[in-house]
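Everything below concerns the one structure shown next.
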Amino acid sequence: MRGVTILDRLSLTVGAGAPTVLIGPNGAGKTTALRLMAGLMAPTSGRITWGGRPDVPARRAIMFQKPAMLRRSAGGNLRYALNAAGIPRRDYAGRIHELLALVGLDGLERRPARRLSGGEQQRLALARALAGDPAVLLLDEPTASLDPAATKTIEDVIRAVAAKGAKVVMSTHDLGQARRLGGDIVLLHRGRLLETGPAATFFTSPQTEAARIFLAGDLLV
Ligand SMILES: Nc1ncnc2c1ncn2[C@@H]1O[C@H](COP(=O)(O)OP(=O)(O)OP(=O)(O)O)[C@@H](O)[C@H]1O
Ligand SMILES: [Mg+2]
């Protein structure tokens, strides 16, 4: 939107390895940063490169903060994603079974996706994002409305995906999750990068006052 600066002077290098986790208050710019990385929008100034090149990797997937399901069954939603990813039709049945099991939705293949509970839809959205075996997986608050068991399922999936060599960049409001999953932490506030660093040191010895305030659970205003 004209005149509104959403991300300002954000300079960030995301390396291979364990997930990069974006944290920060509402409106910090996490979703916008993920949408830019996904190639869904272009920066008004500045540039985004992948391994030094401008092309967004083909094998990338994004899971949105508010996933929208097609008016089809859970399996139908996955079929759509498998087709889009160019997976051979003969492999669909096996992959659907595998993907549903992975996110803890076994047996729900025929259920209309929009009748699934919010948390189930969120897990189906993750399965859908995984359909094409992405090399880059962008996840916007993947466990925002999930209970602890479902959250653990998703965190295990994220770890497994990262262990296979895919790069995960995700956002979360759950600092425990950022600590559990994060290789690198990126703290955003009002479109600015406040602090970034390896999770191991970010949480124990934040370098900025703002990060200390945020990690202490105080309000960053
Ligand atoms: N297309 C747009 N036009 C105008 N403002 C926008 C647009 N998209 C995002 N914004 C604004 O940019 C800011 C950053 O939004 P963004 O969705 O990236 O934040 P976020 O960190 O994901 O927040 P949350 O934790 O609430 O999901 C917000 O103030 C939002 O209102
Ligand atoms: Mg957001």
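We did not get these values from a lab; they are worked out from the coordinates using the rules stated. Please read all numbers here as calculations on a predicted model, not as lab measurements. Here the Cβ positions follow ideal geometry from the backbone for every residue, glycine too, while neighbour counts run over all protein chains shown.
Taking every C-alpha pair closer than 8 Å and separated by at least 6 residues, the mean separation divided by the residue count of the range 1-156 gives a relative contact order of 27 percent.
For the range 149-205, trypsin sites (Lys or Arg not before Pro) are listed when DSSP marks them as loop and at most 15 other Cβ atoms sit within 10 Å of their Cβ; the list is Lys164. Principal-axis analysis of the Cα atoms of the chain puts helix 74-84 at an angle of about 70° to the longest axis. Take every pair of alpha-carbon atoms less than 8 Å apart whose residues are at least six positions apart; their mean separation over the length of the range 62-221 yields a relative contact order of 20 percent. Across the chain the C-alpha pair distances fall into 5 Å bins from zero in the proportions 1, 7, 14, 18, 19, 16, 12, 7, 4, 1, 0, 0 percent. The angle separating the long axis of helix 92-102 from the principal Cα axis of greatest extent in the chain is about 50 degrees. The alpha-carbon positions of the range 71-132 define a convex hull whose volume is 65 Å³ per residue. Judged by the mean number of other Cβ atoms found within 10 Å, the most tightly packed of the peptides 100-106, 113-119 leads the ranking 100-106, 113-119. For the chain, the longest principal axis of the C-alpha atoms and the axis of helix 148-163 are separated by about 80°. Need the list of aspartates and glutamates near Lys167 for cross-linking: C-alpha distance under 19 angstrom, and skip anything on the same chain fewer than eight residues off. Straight-line reach from Lys167, under 19 Å: Asp55, Asp133, Asp140, Glu141, Glu155, Asp156, Asp184.
Ranked by the mean number of other Cβ atoms within 10 Å of their residues, highest first, the peptides 61-71, 21-31 fall in the order 21-31, 61-71.
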